[in-house]
Amino acid sequence: MSIPIDRDNTGSVNINNINNEPMLKIVNKGNGKVDLNSASDKNALSIDANGVVSASDLTATNLTTSNLTTSNLTTSNLILLQPNLNIPANTTIGGTATVAGTTTLADTLTLSKASGDGLIVTANATVSGALAVTGNATAQAFHINGNQVVGAQSGHIVSPSATISAAYDGTTAGELLIELNDLRLAVIESQSTIAQLLSQLRTHGLIASS
């Protein structure tokens, strides 16, 4: 049994089934490029002189390629021998996508996971522009120009509680000494509280250590 094959004056080849019905058309595009068209003459696959494959609609169970351009790709297993994949239309990945090299996104990246961690970064991340966080932000510390400015929350500091009379109304030297001692204790307590506050501010990084 043979399959009818026709060749026209352009160098294109028509492959028909045993009933002489069109199945596949190999179109000579010149300069070493050929198109594989369907029976309805719809372009399915193009191969240029360098072996680069492009397709408008491609379905494959297991696809291995070094250079692929397509607007619609359906495959259960895609292996790129070289990092060159061009899909100018939308792309949907139902499973896990693993990228071992560098990836560049020229537009917006939207992560729409309903709950849990939508983005996990296990190494460093650099944001060159403004970073806006509308929800809660959790971090061990925040640094500006290499200097820590916010760290973990420190312990409670007791507010000064010593009282000093608004006006001295004593009439004896003894009463004056009592008033002066109360003032001395209040100053000591205030100094201690200020020292604790400064220590915690330095620990957080809001002020320099020296």
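Derivation of every value follows stated rules applied to the coordinates shown; laboratory data play no part. Bear in mind the structure is a predicted one, so any value in this text is a computation, not a measurement. Quick reminder, even Gly has a Cβ in these numbers, built from the backbone with ideal geometry, and neighbours come from all protein chains shown.
Below are the figures for this structure:
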| quantity | calculated |
| --- | --- |
| Number of the condition not met by ARG202 [criteria: (1) surrounded by 11 or more Cβ atoms within 10 Å (Cβ to Cβ); (2) within 30 Å of ASN124 (Cβ to Cβ); (3) touching a Gly at 6+ places or on another chain (Cβ under 9 Å)] | (3) |
| Cβ-Cβ under 8 Å pairs, at least 6 apart or on other chains, region 175-192 side aromatic (Phe, Trp, Tyr), far side surrounded by 13 or more Cβ atoms within 10 Å (Cβ to Cβ) | none |
| Only one of GLY146, GLY170 that is free of Cβ contacts under 8 Å to residues at least 12 places away in the same chain and more than 59 Å from the chain's Cα centre (by Cα) | GLY170 |
| Meets criteria (touching a Gly at 6+ places or on another chain (Cβ under 8 Å) and not in a loop (DSSP other than H, G, I, E, B)) for LEU185 | no |
| Inter-residue pairs, beta-carbon under 6 Å, first surrounded by 13 or more Cβ atoms within 10 Å (Cβ to Cβ) and in region 150-166, second of a type in the set (Ser, Thr, Tyr), 6+ apart | PRO160/SER190; PRO160/THR193 |
| Region 191-210, residues that are β-branched (Val, Ile, Thr) and closer than 24 Å to ASN145 by Cβ | THR203, ILE207 |
